[in-house]
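To start, the structure under review is shown below, and the notes come after it.
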Amino acid sequence: MKRWSTISRPARSLIVFGIVLVSLAMSGLLTAQQSVTISSEEAIEIARPEIDFEPEQIAVRLVRKGFRLRGVWAVSFTIPGADGFERLSTVQLDANSGTVLEVINSN
């Protein structure tokens with residue numbers, strides 16, 4: 001085994017960086033929050049009052065956002081049009097609390 005002093009400076013830096021990264025991952029700072037308390041059906045119910053039209057299609061997907069990778073439901077309400085969508089609104093809400101985080105309207 002090589003002595004620490006005989007290892008090149010860039011290699012030592014890489015080793016230290018790797019140890020720090022593994023330590024952060026093990027402490028939970030780089031891992032996603034796994035639990036989700038709001039179902040996709042509940043997400044639709046919570047998001048529906050945030051739009052002002054009757055959608056023809058609804059799509060729901062769970063995404064991870066932020067440094068702690070918290071769960072966020074993205075609920076898209078659409079009315080298809082000739083060239084894409086006549087109406088499109090996406091409501092993002094916290095997958096654990098149900099709090100509406102953002103409403104994006106693309107008309």
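Values quoted throughout were computed directly from the atomic coordinates according to the rules given, and no laboratory measurement underlies them. Bear in mind that the values here come from a model prediction, so they are computed numbers and not experimental data. All Cβ positions, even for glycine, are placed from backbone atoms using ideal geometry, and neighbour counts span all protein chains on display.
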Checklist outcome for this item: (1) assigned to a loop (DSSP other than H, G, I, E, B); (2) surrounded by 15 or more Cβ atoms within 10 Å (Cβ to Cβ) all hold for Glu54 apart from (2)
Checklist entry - Name the pairs: first residue in region 71-85 and free of Cβ contacts under 8 Å to residues at least 60 places away in the same chain and in a strand (DSSP E or B), second residue of a type in the set (Lys, Arg) and surrounded by fewer than 13 Cβ atoms within 10 Å (Cβ to Cβ), Cβ to Cβ under 9 Å, at least 6 apart or on different chains? => result Gly71/Arg64; Val72/Arg64; Trp73/Arg61; Ala74/Arg61; Val75/Arg61; Ser76/Arg61
Checklist entry - Name the residues in region 86-99 that are in a strand (DSSP E or B) and surrounded by 15 or more Cβ atoms within 10 Å (Cβ to Cβ), would you? => result Arg87, Leu88, Ser89, Thr90, Val91, Gln92, Leu93, Asp94
